[in-house]
Structure formats: structure tokens, C-alpha cells
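For reference, the structure is listed below as C-alpha cells.
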Amino acid sequence: DTVVKQHLAAPAVVEGLLRTLTLEAPFPLRSHNRSSVGTSYGGTNASDPAEVTLSGTVPLGEEEIGPLVKSLLKCIKNLCMEPTVLDRLDAAGVIPTLVPFLAYCSQMSKLSMSEGRPQSNRRAKRVGSVQSTNSYVPGRQLSSQQEQLIKEIQNLVMLAMFYLTRLSHSRQEEAAVCGVIPYLMDNIAARTPSKTFALQILTDFAHTSDTTRDQLSRNEALDFYLDLLVSQDTFWEEKAFISLGAWLSHATPEVERAMLRPRSLQRLVALFQSAQSNHFENYVKELLVMLTRSHKLSEALGRSGLFMAELVARLSFPKAEVRINLLKILKIIADHQDDLEHLILDYNLFPVLNALCEDKSRVLVVEIANQLLEEWQAALGFGLDDPA
């Protein structure tokens, strides 16, 4: 009920909820006030649930995160589902209070699987998140009750984070600065029930702000996005591709370097080859924007035989808008190739464009195809009447 939630979201009530969570958490938490966001997480004096967990000083079980904490988190999650109270929750410091619970659940899940192995250096070097030391952890197997408890806590907090951040760039940035990114990635990798919400938050971050994209970069999320391109889930493949485009438009050199790696190019080409119907239309629109911004990417794709063969084959796509965008992509690629004649001959482009010009019902397609023919024939030094 909206009225009830608005009363529960009164500053005194929310602050009391968060204060109780702070006291009941099975790891030390600093003040939940928003003023602590810049120092409590990612700073040298941060309270670190990951380190407390790895040290073996925190026991596991219902007595540590019990019914009270679960009820409080459920209450906060329900409040987060009411759009009219989100600003009040934010002002009370709900995000920096919740993030360490995701850290705790993530580390507890790993604890039983560690069997004495050291933590990865790659994770230890992440900046801007709740960090862990490269220490050895004792192998301990969680009971089924403990595993279920951790899953419940993780799902409650992830849902709350989703509702808090989905329509607010400022809250997305705050969550990123508070260190949520590595725990979103852990959640997705573990295929938890709340994986979908974690994916939505993580892919939204690329559109948020320079600060948020910097946090993504520090947590190696570029590689994570690129891996999503071959996840066999067309919805998330498309979301990741669009997020990469948004990130490229704001941080071109960094994203460009990542996308130019052979493994990344293979993923882009595989996505282009496998995409169907509406997904392909969206990929083409986004790819056109990407290539407009990155000449190096257009050069690299132009050297890919698999990509160029697929591009030429797709020029027969039924929708005129898609053909137009594909022709624009072809022009960008041709404009940045050192050997235009070699490109044209290798992919038989003159006959392909002449065939497109025969369909007079698609006026814009014919116009662009004719323009390309004229430009290329002039560049190669022969006229329109010469044989192609």
C-alpha cells in the first residue's frame, strides 16, 4: 500500500531501520549516512566485510544473519518498490548500507568452495569496491540452511538495488562508487535467481556517467560486457552491445583498444553472423554509430573476411532501413581501407550494388547504392559505362 510505505519511509523510521541493520550486520559497518559514501568504500579506512569474512573471525549461520535482519531487508526491499519514497531512502543512506551485504553474501558463497586456495590477484587489485587481501582462506562447507539464507539475503538486497537504481543516474553512480560492481558480476557468474536484475543494473551503468564508467573500467567490466556478446541469450547480448556503444561514445580510446583485440573482434563478428530479425536491426543501428566514432574499428572489421562476407550477404535484408544502414556501414569501411580496389574485387561489390539499384521501389537504397558506385568508379579511374 502506497500510503503505508510513505509513512514507513519517514526519515526517523528509515534511519532507524538502517541503524538497526548496521548494528545487526555480521561485519563492522560505518555510518550509513550519505556523506560517508566517498570514504567508507574503496578508501584505506573502509570497513571491509570481505576481509572480515576471509579472516575466519565471522561464524556462519542463522544466529548471525537471523530473522530480524531478513525482515529488515525485506522491509527495505518493499519500500524500494515504491517510486515516491526512493529519494527519502537515498537521503538516509540506503545504498552504502546495502552494498556490504552483497559483499558478505558473495564472499560467503566462495568460502565453502575455496578449499584453502588464495584469492585471485585480479580481484584483489580492483579499485573502488570492497576489496579483499590475497590471503588464504580456510575451506568450510556451508550447510544447506546457510546457503539458503545467503541466497535469500542476496536476492532481497539485489532487488532493492534494482528498484533504487533503475530510473536514477545519480543512484546508479552512488552504487558504483560504493563498490557494487564486482558483486553484480559475481551474482551473474553464479547464475543466482536475481541474475536478471544484476545484469540490468550492470548494463545500465555504461549509460550513466564518467564516474560510473570509470568504476566499470576499474572492475574490468569491459571484458564482462564482451563476454556477454556470446552468452547465447539474445536479450542480454543486445543489451551488452548497446552498452558497449554507449561506453565507446564517451571513452573511445579505452573501449576501442578492448574491442580491437582479436578475441573481441571474433565476438563482434559472431554476433553479427548469428543475429536474426529485430535483434539484427538493432545491432546494425548501433554498429553504424560505433564505426562512425571509431575508424580503427571500421578498419579492423574491413579486414575480417567473415564480417565482410556477412555484410554483403545481409544487403538483401527485406527492410529498406536495414539495407540503408548496411550501405552506410559499407561506405565507412571502404573509406578507411588502404586498398579500395582489393576490397571491391574480393567481395564483388559492383555487381552487388548494381543489383540493389534495380529495385526502383526502394528509392533511398537505390540513391545510396548509386552514390557508392559513382564514388568508387571515380576513385578507381573509370566511368559509369565501363564494365564493373
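The values are calculated or read from the model by the stated rules, or taken from the named source; none is laboratory data. All values reported here derive from a predicted model rather than from experimental measurement. Cβ placement follows ideal geometry from the backbone for every residue including glycine, while neighbour counts extend to all protein chains displayed. Please note that ligands, DNA and RNA were not included when accessible areas were found on the heavy atoms of the full protein model with its side chains. Shrake-Rupley method; radii C 1.70, N 1.55, O 1.52, S 1.80 Å.
Are any of the residues in segment 78-87 β-branched (Val, Ile, Thr), at pLDDT 50 or above, open to solvent by 60 Å² or more (accessible area, probe 1.4 Å) and over 17 Å from Ala176 (Cβ atoms)?
yes
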Checklist entry - Can you tell me which residue in segment 182-200 is modelled with the highest pLDDT, limited to those that are buried (at least 19 other Cβ atoms within 10 Å of the Cβ), over 19 Å from Cys75 (Cβ atoms) and among the polar types (S, T, N, Q)? => result Asn187
Item to check | Considering residues of segment 343-361 that are under 38 Å from the mean Cα position of the chain (by Cα) and in a helix (DSSP H, G or I) only, the residue nearest to Met290 (Cα to Cα) | outcome: Leu343
Item to check | Tally of residues being at pLDDT below 90 and farther than 26 Å from Asp338 by Cα across segment 360-388 | outcome: 2
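Aromatic (Phe, Trp, Tyr), in contact with a Phe, Trp or Tyr (Cβ under 9 Å, 6 or more places away or on another chain) and under 26 Å from Leu345 (Cα atoms): does that describe Phe280? Give the steps one after another, and end with the answer.
Numbers: aromatic (Phe, Trp, Tyr): yes; in contact with a Phe, Trp or Tyr (Cβ under 9 Å, 6 or more places away or on another chain): yes; under 26 Å from Leu345 (Cα atoms): no.
Against the criterion (aromatic (Phe, Trp, Tyr), in contact with a Phe, Trp or Tyr (Cβ under 9 Å, 6 or more places away or on another chain) and under 26 Å from Leu345 (Cα atoms)), Phe280 does not qualify.
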Next on the checklist: For the list (1) touching a residue at least 40 places away in the same chain (Cβ under 8 Å); (2) open to solvent by 10 Å² or more (accessible area, probe 1.4 Å); (3) more than 13 Å from the chain's Cα centre (by Cα); (4) closer than 22 Å to Met158 by Cα, I need the number of the one condition that Gly179 fails.
Outcome noted: (2)
Checklist outcome for this item: Thr203 passes all but one of the listed conditions (1) more than 17 Å from Ala103 (Cα to Cα); (2) β-branched (Val, Ile, Thr); (3) modelled with pLDDT under 55; the exception is number (3)
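Among Leu340, Leu326, which is farther than 19 Å from Val366 by Cα and not polar (S, T, N, Q)?
Numbers: Leu326 fails: farther than 19 Å from Val366 by Cα.
Only one candidate passes the filter, namely Leu340.
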Item to check | Subset tally (residues that are touching a Gly at 6+ places or on another chain (Cβ under 7 Å), open to solvent by less than 20 Å² (accessible area, probe 1.4 Å) and among the basic types (Lys, Arg)) for segment 206-235 | outcome: 0
